[in-house]
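Okay, structure first, notes after.
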Amino acid sequence: MGYSTVVSVSWLVFTHSRSAMAFPATPMQFRPLSSYHRIKQNLFQTRKQRYSFIHPCRNVLAMAASYEANNLNMNSQNNIVRPVVANFPPSLWGGLFSSFNMDIQLLDMYTKEIEVLKEEARNMLISGDSKLSEKLVLIDTIERLGLSYHFENEIQQQLSLAFNGGHLKLENEESDDLFIVALQFRLLRQHGMDAPSSIFKRFTENNGKFKKTVVSNIDEVKGVLSLYEATYLRRQGEEIMDKAFSFSKAHLEFVAPNLTESPLKKQVLHALDQSFFRGIPRVESRNFISLYEQDESNSESLLRLAKLDFNLLQMHHKEELCQVMRWWKEMDLISRLSYARDRVVELYFWTLGIYPPEPRHSNARIILAKTAAMISVIDDTYDTYGTIEELQVFTEAIQKWDISEMDRLPNYMKILYGAVLDLYEAFDAELSPKGRSFAVHYAREAMKELVKCYYVEAKWFTEGYLPSSFDEYMSNAMTTAATDAAVVTSFISSAIAKIEVFDWLLAKPKILQVVNLIVRVIDDIATYELENGRGQVTIGIDCYKKEHGVSTQVALKHFNEIAENSWKDLNDGLMDNRVSKEILVQVFNFAKLMDVTYKHNQDGYTNPEKVLKPHILALLVHSCEI
């Protein structure tokens, strides 16, 4: 039996201090255990205590909340000094996502029309009457519109024919078309095919520089834009692609102000701000739907399919977010642990960037959003509130993962500790019947490791210790980036993630190492000014400055270079053949979240108003006009 059916029972009956925490859950709602109801009945018969048995977790959090109020008074009396007062901005969303009623009639209407339009699009894809260049443009359009998940097999088949010497080949004049050549290169690499960068040599001079004729007139902008987007798939050692990036970026920045107002100009400006390949697909799709609608050469059936599909998926996503919000409200952690950031909506938005958008990933998104919300509160506890003595006890308790450790914790930590244990107990109750208890075990162990490294970082901060080398800092900071724990959790409900996948993750494959590195350095850059302004030691930046004797500006530049160079390694990681492409892409997507959330070195998570709010409105509030 689990801790909540045995240990919590004795804990509740004999300590009188709080109610049992026992709520294995379905994805839709929490469900008290039958043993809990027996305890409830016995308690009413034997004790005249005022327990509210509406929800077991709500009881323990309510009880602990009153203890925390007393604890805060004791803090002032005992002069406990908290590390930092962060004063994080409150949630932007209020009750906007607290309820959602699915319109079943509209859902059915959308679904039926989508099926018809999908067949039209599928016939266009597999048609034998099109040239390769036309197929490439069609595939790119389908992917940018967010429809590729409907046609994965057809797209892979068409690209394989082009790559493996099938009947689909570029004709002579197409081979000299920079737009088409770059598009083919990008699509092939995006789909795990090792397209050679040498195909761009025909566009360069003997000295390796790109020919001036490539940009001889304004009509070549499409070609240069295509080249620019292709360079984001470059790997280490591809000098020609590095030159292509510098060349195309400089040219687009030069011509963009002079372009006439058009969908092309908007596409150029958007690409310079956010690479399509590094963007969150759902966000990029919503943006492209608007651009495609303004394109006079668009396919009306594809456009309508994209709009209907977007709206249909948005309905499902709103329903998922509503479930997460109900759980978050039940936890009520933020009102009880007011030092923490309330970013559950932003974290659900992140999950839309990890998984393909269709409903089959609904449960995975909900699980990951809940876990990320818990990690965020733990992170804030270590960064801005807990004393080192309290954090040591909490760290030890997490390692033991036992409800009996509750009595060792300060009262406010009882709330958090109980919530963490209950969350994973709920995951196990839900996934165990599907034979996935092993996956929850891996997620639990990843959480333990994360908390252990949070404590190391907190100890450094408290003691004013700067690691003796940047490598020493990174050996711990790669874990406190929290990517390991999030990535492992992202797979726990996925049937394709067998135990071998978790062992592969545990062995720290190259792609996971690089994602960790990108997340770590981008986070350090974006949070530097904020943390420095709060008087915190920004360990990563300060450590590098100390070791190399450089200024803050030089250190930040180096961190940006680390991140940019690491994307090349990440592209290499996509070629790992030990696991499926779907697994690799899901890991890769965690780096994309950083590129979007911390755009222009802003901490879009802590302060989502400018960075994430427009994306959340676009994906979860505003529908496409049909």
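The values are calculated or read from the model by the stated rules, or taken from the named source; none is laboratory data. The shown structure was predicted, so the numbers you read here are calculated from the model rather than taken from an experiment. We place every Cβ from the backbone using ideal geometry, glycine too, and count neighbours over all the protein chains shown.
Note on segment 475-496: residues that are out of contact with any helix residue (DSSP H, G or I) (no Cβ under 7 Å at 6 or more places or on another chain) and of a type in the set (A, V, I, L, M, F, W, C) amount to 1. Restricting Q184, Q236 to those that are among the polar types (S, T, N, Q), part of a loop (DSSP other than H, G, I, E, B), touching a residue at least 12 places away in the same chain (Cβ under 8 Å) and touching a helix residue (DSSP H, G or I) at 6+ places or on another chain (Cβ under 6 Å) reduces the list to Q236. Of the set (1) in a helix (DSSP H, G or I); (2) buried (at least 17 other Cβ atoms within 10 Å of the Cβ), all apply to P257 but (2). If you go through segment 93-120, how many residues are exposed (fewer than 10 other Cβ atoms within 10 Å of the Cβ) and of a type in the set (G, A, S)? Result for segment 93-120: 2. In this structure, V440 does not satisfy being at pLDDT 95 or above, of a type outside the set (S, T, N, Q) and over 24 Å from L321 (Cα atoms).
Across segment 313-340, the number of residues qualifying as of a type in the set (D, E) and surrounded by 19 or more Cβ atoms within 10 Å (Cβ to Cβ) comes to 1. Taken across segment 542-550, residues that are more than 16 Å from the chain's Cα centre (by Cα) and not in a helix (DSSP H, G or I) do occur, with at least one present.
Test S285 against the criterion of being at pLDDT below 95 and either assigned to a helix (DSSP H, G or I) or more than 29 Å from the chain's Cα centre (by Cα) (or both), and give yes or no.
Numbers: at pLDDT below 95: no; either assigned to a helix (DSSP H, G or I) or more than 29 Å from the chain's Cα centre (by Cα) (or both): yes.
It is false that S285 is at pLDDT below 95 and either assigned to a helix (DSSP H, G or I) or more than 29 Å from the chain's Cα centre (by Cα) (or both).
For segment 551-577, filtering for residues that are under 25 Å from the mean Cα position of the chain (by Cα) and either among the small types (G, A, S) or not in a helix (DSSP H, G or I) (or both) leaves 7.
Tally time: how many residues in segment 270-282 are part of a helix (DSSP H, G or I) and closer than 16 Å to Y232 by Cβ? Within segment 270-282, residues that are part of a helix (DSSP H, G or I) and closer than 16 Å to Y232 by Cβ number 5.
Output the number of residues of segment 414-440 satisfying the condition of being part of a loop (DSSP other than H, G, I, E, B) and surrounded by fewer than 20 Cβ atoms within 10 Å (Cβ to Cβ). Walk me through it before giving the result.
Within segment 414-440, the subset part of a loop (DSSP other than H, G, I, E, B) is 435-436.
Going one step further and asking which of them are surrounded by fewer than 20 Cβ atoms within 10 Å (Cβ to Cβ), we end up with 435.
Residues meeting the conditions: 1.
Among the numbered conditions (1) surrounded by fewer than 17 Cβ atoms within 10 Å (Cβ to Cβ); (2) outside the structural domain of V283 (by TED's automatic domain parsing), the only one that E134 does not meet is (2).
Being over 24 Å from N577 (Cα atoms), part of a helix (DSSP H, G or I) and modelled with pLDDT under 95 is a condition met by no residue of segment 147-168. Here I280, I289 are screened, and the one residue that is of a type in the set (A, V, I, L, M), crowded, with 22+ Cβ neighbours inside 10 Å and not assigned by TED's automatic domain parsing to the domain that holds V587 is I280.
With a cut-off of at least 2 residues that are more than 23 Å from the chain's Cα centre (by Cα) and on the phi < 0 side of the Ramachandran plot, name the helices (runs of 4 or more DSSP H) lying wholly within segment 295-413.
Fully inside segment 295-413 and qualifying: 300-331, 333-336, 388-400.
Per the listing S301, S290, the residue uniquely under 29 Å from M109 (Cβ atoms) and touching an Asp or Glu at 6+ places or on another chain (Cβ under 6 Å) is S301.
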